[in-house]
Structure formats: C-alpha cells, structure tokens
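Visitor: One structure is given below, represented as structure tokens, and several questions about it will come after.
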Amino acid sequence: MPTASPVPTLPPKEALILDLLVAEGEMYGLQLVAASKRKLKRGTVYVTLGRMEDKGFISSRLESAPADEGGLPRRIYEPTAFGRRVLSAYAHVARRLTPELAR
Amino acid sequence: MTRPGSWLRSLARRVCDPSTMERLIDPAIADLQCEHGEALRRGHVWRSRWIRLAGYIAFAKVAVVALSRGSTRTVRDWAGADDRALSRTVLFSFIATLAWSLVFMLPPVWDSLSQPALRGRIVLWLVPSSMSVALPMGVVFGILAGVRGRPITPRVRRAITLLTIGCSIVMVGHVGWILPAANQAFRELMFGGPLTRGTNELRLGELWQLAQDRVVIPLTVNRRAFEFHFRLALAFAPLALGLFALGVAAARRRASGVLGIGVIAFVSCFAYYTLTYFARFEMYFAPFEVSEHVPAIIAAWSPNLVFLALALLLWKTQTHEPSAADPSRLDDDPRSADRPVVPQA
C-alpha cells in the first residue's frame, strides 16, 4: 500500500518569513529581521531560512556585492511556487478554523 | 581595514563543512559586512559598532546551532572506527574503575559486617579513597581494551589524551579536597569521636602551608614539601598511566587477548604504585639517604616522569606501516569495525 507524502509543516516563524517574502518578492536575511519587527532574530533567521530551503518553501541565490564595496556576496531569498501554495493552504485552514480572527 | 567577521569566517572554515559555510555562516557574515559598510558610509560610527557587536552575537548563535547539529567538518570526518574506539575506551574505563573500586572497598566493608549501623557511612567514606587508585587503574584497562585491535589514529590519540587530562583535573579536586575530608570522616567514625588531622587528612592548600611553615615539627622540611607534591603527583596518575597505556597499545603489532590486556594493565599499575611506595619509603626512612639530596618535587613526581618517559619512548620507537587499511583514511563502513586492520601474524 503506497504511503501518502507527509504534509509539510509551517511553524509560525516560517509562516512569517513566507508572508514577508510573498509580500515583498525577495529579501536579504537582515531585511527579513527588520521587517518582522523583532519577531525574527539576527542569528536564528539564517537557520530558519536554511530549513525552509530544505523543505522547498524558498530558494536563494548569491548576489554579487557592488565593485566599490567588496566583501562577501549576499544571499537573497525568494518564495517558491510550492512555498506560496503551502502559505495559502495554511492561511485558508486558519481562516476556516478561527473565523473570528479572519474578520 | 579588515571587514567585520573576516577572522570569524576564516575560523569557521576550519571546522564547518562547505554546506554549512554556504547556507549559514556566509550569509550571516555577508549581511553583517554590508550593513556595517552602509552605516560607515552614512557616517554612523556608533551604529556601525553596534552592528558589528550584534553581528558577532548572531554569528555565535549560528555557530552554536551548526556545531550542535554536527555540521562541522571535524564531526563529519570523524571515522566510524574512531568513534567506536573512543566509545569503547570510555565504557571500559568506567566499568574497570567501578570494578576496582568495589575490589578495594571489599575488605573494610567485609570487616564492617559486625557493625551494621555504621556500614552505610563506612561505605560512603571509603568510596573516595578507593576511587583515588581505582580511577587510574580503570583508565589503563579502559584504554588497552578500548583500542584493542584498532588502529590508533591521531584523532583517537588526541581524544584519549584529552580524556586522561580531564580525569587528572577531576583527580586534583578529588585528592585535594574530597579525599582528605572522607579520610577524616572515616577515622572519626571508627574512633567514635573527633581526631586531630594527620597529613593524609589535610587539604592541598593546608599541605602547601605546612611545607612553607618554618616551625620545627617532627617532619623535615623536605618531607613536608614531599607530602604536598606527592598528593599532587598522584592526581596526575591517570595522565601518566593513560599515555603509557596508549603507547603500549600503539606499539603492539597484534591485538592482545583479554588475559593479555589484564596482565599488561595490572603489571603497569603495580609498577607505578611500587615506584610511588618506594619514593615515599625512601623519603621517610632514607635507607639510601636519598631524601636529603633529592628535591622533594623530583622524588614525588618521579613515578609520573618515568611513565611519561616510557610513553614517549614507545611512541618514538613504533614504526608506521602504510597499508590498505591506513588509519588516516576515512572509513565509515560499519563492517570495518571487525575487520583486522593490523596484519595478524
């Protein structure tokens, strides 16, 4: 008997990150920290982003630093189509279960 | 000007695997450098300093997570065979220490059968004194049994050396404070009342004070200093005996049987404690009149020095034979645990 694929989980912090990325398109890690109004922390945001990338919710790419600035290339994150579907599904479930919150 | 986080990144590169560097470390450092540079370009010096500090704290959090997940190159490259050798060493050391503690405690506990009311406290106060000898012996047995039949890679050697150093540090606290207190409690328990403390019941600090005291007491100055150094030297018995056992295990071409391990370990420990007894006997009774001429520190540490010298000699005389089972190769195949890697005669 074939086993069903496990349903992806979406913890609150990952939901917040997906929400921000869907709204803005693509962001750096520190931009997510700033936009989250201190709900995300500077150190742990990268761990969460790495985990979300493993789950397939987001993708990332390296962006070269400007020539006059130098330094390491920054990693920029954006939501995947799968990530958008997961966020949409969880938002829908949340609205159905807690209709008073959706008002 | 060095960018913030550059040194931390170079440090992380030594221990973290490439995936962790790419996904966790580099994004954190890159964001820190960009934000720091932006603040400096706007002339916000204090903000740039705050960004640097916050970035370092963030890096520390990321590094802790990476290490706890075992994402370091050191952990990933740790061969399965090395892990098993170290685990066996720790396990056998623990079992042997426990067994020897029980052996040393058995005679006085047997004698206490006639005093059932005191038996519990007798056992309690005897544990520290039995541990002071059982732990070094347990370490010897544990090392010989744990690395039996396995190549001793530099990683295993470092880990076991650190283990013996850790045991010695624990022993310093044990012989310095716990053992004297337990000895005194045992004496008073058997006597049934308060007793004046002898040298074996003095703490390390008090022994040091005694060695500095110029008041004339029955012991000579050299003997008083000897007591202090002797107590301290005993604490480092796990290190001396452990390194010697490691040298013996590395020098042997074929795996010893259980009986062979027992004989080697017992003879080593017997020789060590015979040397300590001889050093103490010579210092107090001076049949060869050495105590007046040899500094107390040399006399007290001589057993440790002898065994450390033997360990060094064993390491230098063993020859490296490259083979298909070269210990420096990574080997995560669990089946290799039972495959003899040293050619059997």
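The values are calculated or read from the model by the stated rules, or taken from the named source; none is laboratory data. The model shown is predicted, which means the values in this text are computed figures rather than measured ones. Ideal geometry is used to build each Cβ from the backbone, glycine not excepted, and the neighbour counts take in all protein chains shown. Ligands, DNA and RNA are excluded from the accessible area calculation, which covers all protein heavy atoms including side chains. Shrake-Rupley method; radii C 1.70, N 1.55, O 1.52, S 1.80 Å.
Visitor: So which of A:ALA89, A:ALA15 ends up being more than 23 Å from B:SER6 (Cα to Cα), at pLDDT 85 or above and over 14 Å from the mean Cα position of the chain (by Cα)?
Guide: Exactly one of A:ALA89, A:ALA15 is more than 23 Å from B:SER6 (Cα to Cα), at pLDDT 85 or above and over 14 Å from the mean Cα position of the chain (by Cα), namely A:ALA89.
Visitor: If the requirement is being closer than 30 Å to B:SER10 by Cβ, within 14 Å of another protein chain (Cβ to nearest Cβ), modelled with pLDDT of 90 or more and open to solvent by 30 Å² or more (accessible area, probe 1.4 Å), which of these qualifies: A:GLU53, A:GLU69?
Guide: The conditions single out A:GLU53.
Visitor: For the list (1) at the interface with another protein chain (Cβ under 10 Å from one of its Cβ atoms); (2) at pLDDT 90 or above; (3) open to solvent by 40 Å² or more (accessible area, probe 1.4 Å), I need the number of the one condition that A:ARG42 fails.
Guide: The one condition A:ARG42 does not meet is (2).
Visitor: Being within 20 Å of the chain's Cα centre (by Cα), modelled with pLDDT of 80 or more and loosely packed, with under 14 Cβ neighbours inside 10 Å narrows it down to one of B:ALA309, B:ALA265, so name that one.
Guide: B:ALA309
Visitor: State yes or no: is B:ARG158 surrounded by fewer than 15 Cβ atoms within 10 Å (Cβ to Cβ) and among the basic types (Lys, Arg)?
Guide: It is true that B:ARG158 is surrounded by fewer than 15 Cβ atoms within 10 Å (Cβ to Cβ) and among the basic types (Lys, Arg).
Visitor: Also, quick follow-up: Do the conditions hold for B:LEU179, that is, is it over 13 Å from B:VAL90 (Cα atoms), open to solvent by 70 Å² or more (accessible area, probe 1.4 Å) and part of a helix (DSSP H, G or I)?
Guide: no
Visitor: Any chance you could count how many residues in the stretch B:12-30 are among the hydrophobic types (A, V, I, L, M, F, W, C) and free of Cβ contacts under 8 Å to residues at least 24 places away in the same chain?
Guide: Start the filter on the stretch B:12-30 by keeping residues that are among the hydrophobic types (A, V, I, L, M, F, W, C), which leaves B:12, B:15-16, B:21, B:24-25, B:28-30.
The next check asks that each one be free of Cβ contacts under 8 Å to residues at least 24 places away in the same chain; those that pass are B:21, B:30.
So the answer is 2.
Visitor: Restricting to the stretch B:38-61, name every residue that is at the interface with another protein chain (Cβ under 9 Å from one of its Cβ atoms) and touching a Ser or Thr at 6+ places or on another chain (Cβ under 8 Å).
Guide: Scanning the stretch B:38-61 gives a single hit, B:LYS61.
Visitor: Here are some conditions: (1) more than 7 Å from chain A (Cβ to nearest Cβ); (2) in contact with a helix residue (DSSP H, G or I) (Cβ under 8 Å, 6 or more places away or on another chain); (3) surrounded by 14 or more Cβ atoms within 10 Å (Cβ to Cβ). B:ARG14 meets all but one. Which one does it not meet?
Guide: Exception for B:ARG14: condition (3).
Visitor: Tell me the residue from B:ARG84, B:ARG23, B:ARG88, B:ARG3 that is over 26 Å from A:SER59 (Cα atoms), within 14 Å of chain A (Cβ to nearest Cβ), open to solvent by 10 Å² or more (accessible area, probe 1.4 Å) and modelled with pLDDT under 90, please.
Guide: Residue meeting the stated conditions: B:ARG3.
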